[in-house]
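Each remark here refers to the structure printed beneath this line.
The values are calculated or read from the model by the stated rules, or taken from the named source; none is laboratory data. Here the structure is a predicted model, which is why all the values come from computation and not from measurement. Quick reminder, even Gly has a Cβ in these numbers, built from the backbone with ideal geometry, and neighbours come from all protein chains shown. These accessible areas exclude ligands, DNA and RNA; they are computed on the full protein's heavy atoms, side chains included. Shrake-Rupley method; radii C 1.70, N 1.55, O 1.52, S 1.80 Å.
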Amino acid sequence: MSPSPPRRIARRRAPADRAAGESATLPGFEIAGVGEESDAFINTASWAKVAVLFPLPLPEPFDYRAPLEWGLKLGDHVVAPLGSRSVHGVVWSVDENNASAGNLKSIESFASAAPLPDESRRFIDWSAKYVVTPPGNVLRMVLRSTEALSPSRTFAVYAPSDAPCDVVTPARARVLHEALREAGTAAELARRAAVSQSVVKGLIEMGALTRHDRPEDAPFDPPDLARPGNALSPAQHAAAEMLKEAVREDAFAAVLLDGVTGSGKTEVYLEAVAEALARDPSAQVLVLLPEIALTQAVLARFEERFGARPVEWHSAITQKARRRAWREVNEGRARLVAGARSALFLPFRNLRLIVVDEEHDGSYKQEDGVAYQARDLAVARAKFGGCAVVLASATPSLETLVNAQAGRYRHVKLSARHGVAVLPDVVLVDLKVDPPEKGSWISPKLIAATAEALARGEQALLYMNRRGYAPLTLCRACGHRMQSPDTQSWLVEHKYTGRLVCHLTGFSMPKPRTCPNCLAPDPFVAIGPGVERVEEEARTLFPQARIEIFSSDTAKGGDQVRAIVERMAAGEIDILIGTQIVAKGHNFPLLTVVGVLDADLGLKGGDLRAGERTYQLLSQVAGRAGRADRPGRAFVQTYAPEHEAMIALAAHDRDGFLAAEAGAREAMGMPPYGRLAAVVISGPDEASANRMAHEMAEAAPSADGVDVWGPAPAPLTVIRGQHRRRFLVRADRGVDLSAFMAAWRARVKVTGSVRVQIDVDPYSFL
Ligand code: ADP
């Protein structure tokens, strides 16, 4: 007897807030003839053995059986029993000739949505190995909106029908007029026509308005490829041609687009985007932007170029926007996606170009959960997709530059600013020679330059990379320092809110009236500056000026950021005082003076990239000055004017700085000439953390070209009650460090509440 065709019963919709993989009642899945009742119909000889990867930290995919006639394919979305639950997973392998499959548990249902593309699956496997995490953890980052697997729900809109309307009252006429202009829901039409909903209902009942079903998740407007871009300068044109050439090759190619701030890198890569989209009607393009929620201005330029907003993907979008974006990418309809690092894990069907803008930016490194560096994974993703990846920056990371110098990446340079804008003069202010007055932070030179700029109707930007009022609050009676209970780091005073805040964990408390140590009343002195304190000083110096603070405390989210940026661009702010949020690609035509109040802040802390990061950040900040037709000056206040980062900054000698930095790294065998990985062990008490650290030290494999350093107490020894120990592993370039770390990890059994986190290519050493 041939098996009867599987029955298909649509399942109920899952609650929207359920995490990926946690329920069988996921939308989009259909029961396909399994369970006690239907099993009888299925010929048991015709099972396929199917391995399913779940979005969970399991070591590998699990095997199930599925009727052959389901025709399950690699990448299909299925629901299968796991313990007592039914969990969403993805088909990772299919064996159609497996005699023992009949003994396995059955897959429960499958979705009719498009399967996860082959290159996404290979990318998941590869990146899981690379970052030393179970592949299910990477799949979890891919399946960010399983709701999107079901067809979009629809809602009713109404448009005028051909049927005549019997009684035309003025109210009805207004509704019909509005509906003719644009169909809308009953409520919308009533609102637009300023009538009650009963008027609209009446028109629906008499057939004068007819119902149309509109999908809740409408497709995005496609980019208009007929729109011309800006006319490019000859240098920009040449650079754009090289990027377009890489796109046309339809094969993996990595290109460093290396141009000073304001040279038109965005203009140039937009041409490569246009090329990729125009030459293949199903091509998809991904542009990664650092902290995209904060860089809305770039999105506006995309919209201007293509007449449609790119599809946005970052942590601040709503659940609904996430579902819509995921669905449209998965169906291959979303053509241009602009996103934060996590967009790299979207299920693109035909990715033809990836752009990583500001490729040196620290926000591409994810440290919580699965630790990964999105820039590096973007290059790997492009390899799997056989497409081009463009890394754009004015201050490329040493990693990328070394790859370009070694010929692994192509190197496209733009050395002049667009139009008449020139690079700002950088003046090093030696704080030992030219200090500000006691208790102030702005040096006399910077005060004078700011005053002159304001007198000319221009603007100044004062950069201090520390939020709040003062980084240390000290009892003047007993010397007690207010510390965070979780991390033992200093609490930062925030004057506007009257609170003391831990910038690491977010812990905060009202500023006490008495010292908790010696009970002296009103005893506290503020030590050191934050932006709020700089603002206080600027108001005293320039009482007439319009002054604003720009930090993540004053600009929470995209709208507030946009508002401040727009006010600054429109000349409604005279002095902007900001943290590193100001360093990100804004164009302020009237800005001619930039003051970096404490350039040494980033050099402290002794991590590998401190010098490089300081150089990048300071040159980005300095690059904000003189963007348009007015020359700018940047004043960099430092106690270390002899530091090579400072000298290079003043001389605009990026390559000289990087060459010195590269020499030092090469001598130490550090990245990019060697490789690093970190292990952080955290436990609820010192004893458990030490025990695990000891066990790991004992288990460390020995391998040629690998040094294991540690365990040592992590610089942040306690975070949220967790005691932390660290290992640092350095390996020669040729060593497969990921494999070494995986082998090491497999040798120890982690039990109880202790955690072991591996970070390949660590950026933070805390
Ligand atoms: P970068 O990304 O290298 O910092 P942008 O692409 O942001 O440079 O360009 C800097 C400024 O110059 C922007 O305001 C941009 O609109 C303008 N610009 C650059 N190239 C052109 C061009 N070819 N035509 C018109 N404006 C341009």
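The condition of being aliphatic (A, V, I, L, M) and either surrounded by fewer than 16 Cβ atoms within 10 Å (Cβ to Cβ) or more than 16 Å from the ligand (Cβ to nearest atom) (or both) does not hold for A235. The condition of being closer than 30 Å to E572 by Cα and either in contact (Cβ under 8 Å) with a residue 24 or more places away in the chain or open to solvent by less than 50 Å² (accessible area, probe 1.4 Å) (or both) holds for only one of L423, L414, that being L423. Pull out all pairs, ordered by first then second residue, where Cβ-Cβ is under 7 Å, the residues are six or more apart or on different chains, the first lies in the stretch 231-249 and is farther than 29 Å from K383 by Cβ and of a type outside the set (S, T, Y), and the second is within 15 Å of the ligand (Cβ to nearest atom) and not in a helix (DSSP H, G or I). Close Cβ pairs satisfying both conditions: A235/L414; A235/A416. Evaluate the following for R301: is it within 16 Å of the ligand (Cβ to nearest atom), over 24 Å from A380 (Cβ atoms) and among the charged types (D, E, K, R)? So R301 passes the test.
Confirm whether E359 is of a type in the set (D, E), closer than 25 Å to F550 by Cβ and crowded, with 24+ Cβ neighbours inside 10 Å. Break it down stepwise before answering.
Working: of a type in the set (D, E): yes; closer than 25 Å to F550 by Cβ: yes; crowded, with 24+ Cβ neighbours inside 10 Å: yes.
So E359 passes the test.
Residues considered: G259, G307. Of these, the only one that is within 27 Å of G558 (Cα to Cα) and either open to solvent by less than 10 Å² (accessible area, probe 1.4 Å) or near the ligand (Cβ under 10 Å from one of its atoms) (or both) is G259. Within the stretch 356-369, residues that are outside any loop (DSSP other than H, G, I, E, B) sit with their Cβ atoms under 6 Å from residues that are modelled with pLDDT of 90 or more and within 16 Å of the ligand (Cβ to nearest atom), at 6+ positions apart or across chains, in these pairs: V356/L288; V356/L391; D357/L289; D357/A392. You will find that of I442, I447, the residue that is in the same structural domain as Q580 (by TED's automatic domain parsing), touching a residue at least 60 places away in the same chain (Cβ under 8 Å) and open to solvent by less than 20 Å² (accessible area, probe 1.4 Å) is I442 and no other.
Kindly provide the set of residues from the stretch 272-298 that are within 14 Å of the ligand (Cβ to nearest atom) and open to solvent by 30 Å² or more (accessible area, probe 1.4 Å), ordered by number. Correct list: A297 only.
Here's a check for you: in the stretch 362-411, which residue that is basic (K, R) and open to solvent by less than 10 Å² (accessible area, probe 1.4 Å) is nearest to L504 (Cα to Cα)? Among them, the one singled out is R375. With respect to H503, determine if the residue is more than 29 Å from R720 (Cβ to Cβ) and either touching a residue at least 24 places away in the same chain (Cβ under 8 Å) or surrounded by 15 or more Cβ atoms within 10 Å (Cβ to Cβ) (or both). No, not satisfied.
Yes/no matrix, rows are residues, columns are (1) in contact with a strand residue (DSSP E or B) (Cβ under 6 Å, 6 or more places away or on another chain); (2) more than 16 Å from the ligand (Cβ to nearest atom); (3) open to solvent by less than 20 Å² (accessible area, probe 1.4 Å):
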{"site": "V429", "(1), (2), (3)": "yes, yes, yes"}
{"site": "G457", "(1), (2), (3)": "no, yes, no"}
{"site": "M464", "(1), (2), (3)": "no, yes, yes"}
{"site": "W490", "(1), (2), (3)": "yes, yes, no"}
{"site": "P512", "(1), (2), (3)": "no, yes, no"}
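Is there a residue in the stretch 689-712 that is in contact with a Ser or Thr (Cβ under 9 Å, 6 or more places away or on another chain) and open to solvent by 30 Å² or more (accessible area, probe 1.4 Å)? Within the stretch 689-712 (the criterion being in contact with a Ser or Thr (Cβ under 9 Å, 6 or more places away or on another chain) and open to solvent by 30 Å² or more (accessible area, probe 1.4 Å)), the answer is yes, since at least one residue qualifies.
If I filter the stretch 314-327 for residues that are in contact with a Lys or Arg (Cβ under 8 Å, 6 or more places away or on another chain) and more than 16 Å from the ligand (Cβ to nearest atom), do I get at least one hit?
Yes: the stretch 314-327 contains one or more residues that are in contact with a Lys or Arg (Cβ under 8 Å, 6 or more places away or on another chain) and more than 16 Å from the ligand (Cβ to nearest atom).
This table checks each residue for (1) out of contact with any Asp or Glu (no Cβ under 6 Å at 6 or more places or on another chain); (2) assigned by TED's automatic domain parsing to the domain that holds P715; (3) modelled with pLDDT under 90; (4) assigned to a loop (DSSP other than H, G, I, E, B).
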position: G479; (1), (2), (3), (4): yes, no, yes, yes
position: M509; (1), (2), (3), (4): yes, no, no, no
position: R533; (1), (2), (3), (4): yes, no, no, no
position: P543; (1), (2), (3), (4): yes, no, no, yes
position: S552; (1), (2), (3), (4): yes, no, yes, yes
position: V561; (1), (2), (3), (4): yes, no, yes, no
position: V565; (1), (2), (3), (4): yes, no, yes, no
position: M568; (1), (2), (3), (4): yes, no, no, no
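When the helices (runs of 4 or more DSSP H) confined to the stretch 242-331 are screened for residues that are assigned by TED's automatic domain parsing to the domain that holds G623, modelled with pLDDT under 95 and of a type in the set (V, I, T), none reaches at least 3 such residues. Answer yes or no: is there a residue in the stretch 140-162 that is farther than 25 Å from T318 by Cβ, open to solvent by 40 Å² or more (accessible area, probe 1.4 Å) and part of a loop (DSSP other than H, G, I, E, B). Yes.
Scanning the stretch 346-356 for residues that are charged (D, E, K, R) and surrounded by 24 or more Cβ atoms within 10 Å (Cβ to Cβ) yields one hit, R352. Put simply, of A321, A343 the only residue that is touching a strand residue (DSSP E or B) at 6+ places or on another chain (Cβ under 8 Å) and either surrounded by fewer than 16 Cβ atoms within 10 Å (Cβ to Cβ) or free of Cβ contacts under 8 Å to residues at least 12 places away in the same chain (or both) is A321. For residues that are open to solvent by 40 Å² or more (accessible area, probe 1.4 Å) and over 30 Å from the mean Cα position of the chain (by Cα), scanning just the stretch 667-688, find the one that is modelled with the lowest pLDDT. Per the criteria, the residue is M668.
The residues of the stretch 580-619 that are at pLDDT 80 or above and under 24 Å from L454 (Cβ atoms), listed by number, are F588, P589, L590, L591, T592, V593, V594, G595, V596, L597, D598, A599.
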